[in-house]
1. Determine the alpha carbon to alpha carbon distance for each of Lys214/Lys333; Lys224/Lys416; Lys193/Lys258; Lys214/Lys243; Lys41/Lys193 and list only those over 24 Å.
2. Over the Cα atoms of segment 354-437, what Rg and Dmax result, in angstrom?
3. Give the accessible surface of segment 47-206 per residue, rounded to a whole number of Å², with probe radius 1.4 Å and ligands, DNA and RNA excluded.
4. If I ignore ligands, DNA and RNA and count only protein heavy atoms, how much of Asp337 is accessible to a 1.4 Å probe, in Å² to the nearest 10?
5. To the nearest 0.05, what FRET efficiency results for Gln198 and Glu387 with a Förster distance of 41 Å applied to their C-beta separation?
6. Under the definition of Cα pairs under 8 Å and six or more residues apart, what whole-number percent is the relative contact order of segment 297-364?
7. Could I have the simple spin-label model distance between Ile255 and Thr189, label points 7 Å from Cα toward Cβ, reported in nm to one decimal?
8. What net charge do the residues around Leu196 carry, taking every other residue with its C-beta under 15 Å from that of Leu196, with Lys and Arg at +1 and Asp and Glu at -1?
Amino acid sequence: MTSTGAPKLTVIGTGYLGATHAICMAVLGFEVLGVDVDEAKISKLAAGEVPFFEPGLPELLTKALESGRLRFGTSFEEAAAFGDVHFLCVGTPQMPGSDACDLTYLDAAVRGLAPHLERRALVVGKSTVPVGTAARLTTLVQELAPAGTDVELAWNPEFLREGYAVDDTLRPDRLVFGVASEWADQQLTAAFKPILDQGTPVIRTDLATAELVKVAANSFLATKISYINAMAEVCEAVGADIKDLADSLALDDRIGGKFLKPGLGFGGGCLPKDIRAFAHRAEEIGVGQAVSFLREVDDINRRRRARTVDLVRELLGGQISGRRIAAWGAAFKPNSDDIRDAPALDVARTMHGLGGHVRVYDPAALDNARRAYPELRYGESALDAAEDADVVVLLTEWSEFREIDPDALAQVVRHKRIVDGRHALDADQWRAAGWEYRALGRS
């Protein structure tokens, strides 16, 4: 530790989670070294460039670099010599061809760091992993590290929301410390002292419980989203209105309105792969029946995408081929450029595959979308994408789409038809302006 008593921190993996964590901890006053095997990523960060879209983070990166407390490198040996607490922040994506979690990058990070750990240190996992991973990695670390059992492992799950990651790091609603000793707890407490001093609640628990917290939280949120979308399917069958139904449920304080919004469903790099990996792991340990409902949660979510395409087809008189379609949105959610498992692009690609002339616009994710799906056409603005469109389809609820004036949009489209895949627009306002308005779960 430094003379002030604050531990020196390393962050292994400088993707979305790792870069955000490293930058914010340096801003809080810690000396931080970010480490990654991707030299291009390290070079960008060291030059003050955040390699993804996250509001507020570029400014904090500049501040952290100027303070001298943050630097980046590619050497595990340097990280081991520098750090007292090592945060593992590498990706744990879905395994190709399986619902299981791919721990390749996490294992590689541990195998890269551990052989250089020659003194007492704490290795802290933040990545989302199958329960039991921490116990396995504890054995691996202590076998590989010259310091042996003087190196301990803890788990501190992350709860970042893309678009709000800075606030979620600096002012989290809770911290979870999964620890196996009092010393590990003391180290984590020191590593989060400025945040704990704000009165942030902390749950101190065992490693397995800490691993479960993130997947349990994401599974609950995914279930809530799919529940209201299942109700939307019922509403469509009987001519009821899902928005009024959701608003009524939200006023029950036992249920609440958060994540009870009908629409196109969830995507991104967390919820879909986390619920699949959770169900897969539950089956491995013999309790698959306990979370078998997550398979249906996933299926409901996938059906929303197909149903959105159906709405477009219905509004176009049954024919998508040859029609000009404006697709507003590419990111899986607003305030992000993340297109992993993005419902918006899934719908756009399906309509393209059906012969539609689809033109996509997104305020932040266009570059990522172009690289991933060069077969689609792209606009330079919402109105540009809607030029001569037979129908406009809102797929990501960016605020700029909500604020577009129906009369202004009417000046550029061929036909005044709009499908609101996110229940983001005022239906009465658009209908009053002469638009054919459709949304999932509404007549």
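1. Table pairs above 24 Å Cα-Cα are Lys224/Lys416; Lys193/Lys258; Lys214/Lys243; Lys41/Lys193.
2. Over segment 354-437's Cα set, Rg and Dmax evaluate to 12.7, 39 Å.
3. Heavy-atom SASA per residue in segment 47-206 reads 42 Å².
4. Roughly 30 Å² of Asp337 is accessible to a 1.4 Å probe.
5. Given R0 = 41 Å and the Cβ-Cβ separation, E is 0.25.
6. 37
7. 4.3
8. Counting the neighbours of Leu196, the net charge comes to +1.
The values are calculated or read from the model by the stated rules, or taken from the named source; none is laboratory data. From a predicted model like this one, the values you see are computed outputs, not experimental measurements. Using ideal geometry, Cβ is built from the backbone for each residue, glycine included, and neighbour counts are taken over all protein chains shown. For accessibility, only protein heavy atoms count, side chains too; no ligands or nucleic acids. Shrake-Rupley method; radii C 1.70, N 1.55, O 1.52, S 1.80 Å.
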